[in-house]
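The values are calculated or read from the model by the stated rules, or taken from the named source; none is laboratory data. Quick caveat: nothing in here was measured; it's all calculated off a predicted structure. Using ideal geometry, Cβ is built from the backbone for each residue, glycine included, and neighbour counts are taken over all protein chains shown. Please note that ligands, DNA and RNA were not included when accessible areas were found on the heavy atoms of the full protein model with its side chains. Shrake-Rupley method; radii C 1.70, N 1.55, O 1.52, S 1.80 Å.
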Amino acid sequence: MRKYVIHGGRPLYGRVDISGAKNAAVGILPAALMVEGACRIENIPAISDVDLLLNIMQDLGAHVRTVNRTTMDIDCTHILNQQIPYEQGRKIRASYYLIGALLGRYGWAEVPLPGGCDLGGRPIDLHEKGLTALGAQVEVHSGYVYARAPEGKLHGAHIYLDIASVGATINIMLAATLAQGMTVIENAAKEPHIVDVANFLNSMGADITGAGTDVIKIRGVKRLRGGEYSIIPDQIEAGTYMACVAACGGEVRICNVIPKHMECITAKLQEMGVEVEEDGDTLIVRRNGPLQRTNIKTMPYPGFPTDMQPQIAAVLSTAKGTSVLTEGVWGNRYRYVEEFRRLGASIQVEGKIAVIEGVEKLIGAPMEACDLRAGAAMVIAGLAAEGTSEVSNIKHIERGYENLIGKLNGIGADICTVEVPDEETTSVRNVG
Ligand code: EPU
């Protein structure tokens, strides 16, 4: 086991380069399974979720060649198997995209029910409904999703999503790409990674229009061929570094971002007294004065992202006055609050609402990451706090942040990874 040790209370200065988007990469890699021929994919983030997916794909028969740190050639022309081993598939949320991709190309898929962060209930009923509308028979039992197209091929359909689900939108889009005829997804999710997966598929020969709006039209094509594609920068990674600067003070150039994707986060930080200046694909984030309170409700894109909710709570913990956070996407995304309290934060949670009374300062303490973004938020709280903090269970954080330690130390933070003997892990867990 490893943990982060953070000596907090230092302002941050310098520049940080943002990696490729996790939630785009975990859609695009399974999409490559549908392509006959080699795909060169650039700007792939070096995170454990990507490694897990690549391992699964190689076991299925994909040829993966590393070109450089962020670029890979992936050839899925000869896929030998459509069944994902249980232990591999359940470790990652995005394994559900393997259903749409394999079902679309081969007419069947057997994929373990997905894992990933525990954010309250994470049903996949909308995925099932969408795939069924495309003609698949979908059964869920014994920890697996079994999907089969009775005649070997799916057919186009008109699908209305009850909730604008990111995962269901991408999964249906994948399955419909090689289906016969036209599919229309209404009330589709509009997140930047939906557009990125559609752009990837189109650059390989798919016919998808409307991604980024709430109606996506997919005209099925016979096959996808190889090509080149570069993944967009990670909106949430960029937002996390913006939150670091907001919480600690200082001035950091956040490079390789799409400023448009950041507007929902930028607007809220500005309300809180953080200066954000745009310079091409860079955001200059500066905070010298005190942080001001604000209210935030998380919503699907272009609203404030739920994946930034814990990080912004870390920032608001030392803002002047009382802030109200409302979680508008997930049932339970406040499991980090208990850990923040160890640092002296004053947060009350009632259902989907958290009321944060800004305190003058946080004081370092040990914390345990309970999911990816909560873990990132604990790092932010530790960086802002006086004294030493620790964050254990960092495997959650490594799922989605490339080189977090290197990037933070590069802007003046004092954070390192240390090995923890197993007994210590147990004793920390048992305290309280
Ligand atoms: N929902 C259903 N039925 C479904 C699917 C979703 O009721 O079949 C509900 C969910 O319970 C939730 C809402 O719809 O209340 C939205 O869920 P969505 O399907 O959009 O989430 P997801 O696809 O499982 C992705 C990201 C999450 C991010 C959400 C919302 C990936 C791999 N994950 O999850 O990212 O929070 O969209 O933007 O893309 C993260 O990166 O830390 C993360 C958790």
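For segment 320-411, the share of accessible area belonging to carbon and sulfur comes to 50 percent (1.4 Å probe, ligands and nucleic acids excluded). For segment 300-308, backbone phi angles converted through the Karplus equation (6.51, -1.76, 1.60; θ = phi - 60°) give residue-by-residue couplings of x, 4, x, x, 5, x, 4, 6, 10 Hz, Gly and Pro being listed as x. Global dimensions of the chain from alpha-carbon coordinates: Rg and Dmax equal 21.6, 65 Å. Here segment 22-230 has 48 percent of its accessible surface on carbon and sulfur atoms, given a 1.4 Å probe and all protein chains in place. Among DSSP beta bridges lying fully in segment 22-230, give the percent that are antiparallel, nearest 5. Bridges in segment 22-230 that DSSP calls antiparallel: roughly 70 percent. Among Met367, Met72, Met308, which one shows the biggest mean-square fluctuation in a GNM of the chain, springs joining Cα atoms closer than 10 Å? Among Met367, Met72, Met308, the largest mean-square fluctuation in the Gaussian network model of the chain belongs to Met72. For the chain, what proportion of DSSP beta bridges, expressed in % and rounded to the nearest 5, is antiparallel? Beta bridges within the chain, antiparallel portion: roughly 70 percent.
Largest mean-square fluctuation among Asp279, Asp49, Asp207, in a Gaussian network model of the chain whose springs join Cα atoms under 10 Å apart, belongs to Asp279.
Pairwise Cα distances in segment 161-306 exceed 19 Å in 58 percent of cases. Peptides 225-236, 161-172, ordered by how many other C-beta atoms sit within 10 Å of their residues on average, highest first, read 161-172, 225-236. The relative contact order of segment 226-312 comes to 30 percent, based on Cα pairs under 8 Å that sit 6 or more residues apart. Give the shape of segment 253-305 as rounded, prolate or oblate, defined through the alpha-carbon gyration tensor: a ≥ b ≥ c are the square roots of its eigenvalues, a/c under 1.5 means rounded, and otherwise the shape is prolate if a/b is larger than b/c and oblate if not. It comes out oblate by the Cα gyration axes.
Remark: accessible surface ordering of His78, His396, His7 (largest first) is His78, His7, His396, probe radius 1.4 Å. Under the shape rule built on the C-alpha gyration tensor, where the axes satisfy a ≥ b ≥ c, segment 23-72 is rounded, since a/c falls short of 1.5. Per residue, the solvent-accessible area of the chain (1.4 Å probe, heavy atoms of protein chains only, all protein chains present) comes to 39 Å². Please work out whether segment 193-234 counts as rounded, prolate or oblate from its C-alpha gyration tensor, where a ≥ b ≥ c are the square roots of the eigenvalues and a/c under 1.5 means rounded, while otherwise a/b larger than b/c means prolate and anything else oblate? The shape class here is oblate. For segment 9-26, putting each phi into the Karplus relation 6.51 cos²θ - 1.76 cosθ + 1.60 with θ = phi - 60° gives couplings of x, 10, x, 10, 9, x, 9, 9, 9, 7, 8, x, 6, 3, 6, 7, 4, 6 Hz, in residue order, rounded to whole numbers and with x for Gly and Pro. In the chain, the calculated helix contribution to ellipticity at 222 nm averages -9500 deg cm²/dmol per residue, counting -39,500 (n - 2.57) for every DSSP H run with n ≥ 4.
Over 19 Å between C-alpha atoms is what I'm after, so list which of Lys22/Lys395; Lys22/Lys153; Lys217/Lys297 land there. In this structure, Lys22/Lys153; Lys217/Lys297 exceed 19 Å between Cα atoms.
Largest first, the three principal axis extents of the alpha carbons in segment 22-230 are 41, 36, 33 Å in whole numbers. Around the amide H of Thr318, modelled in the peptide plane, lie the amide H atoms of Val359, all under 5 Å away and 5 or more residues distant in sequence or on another chain.
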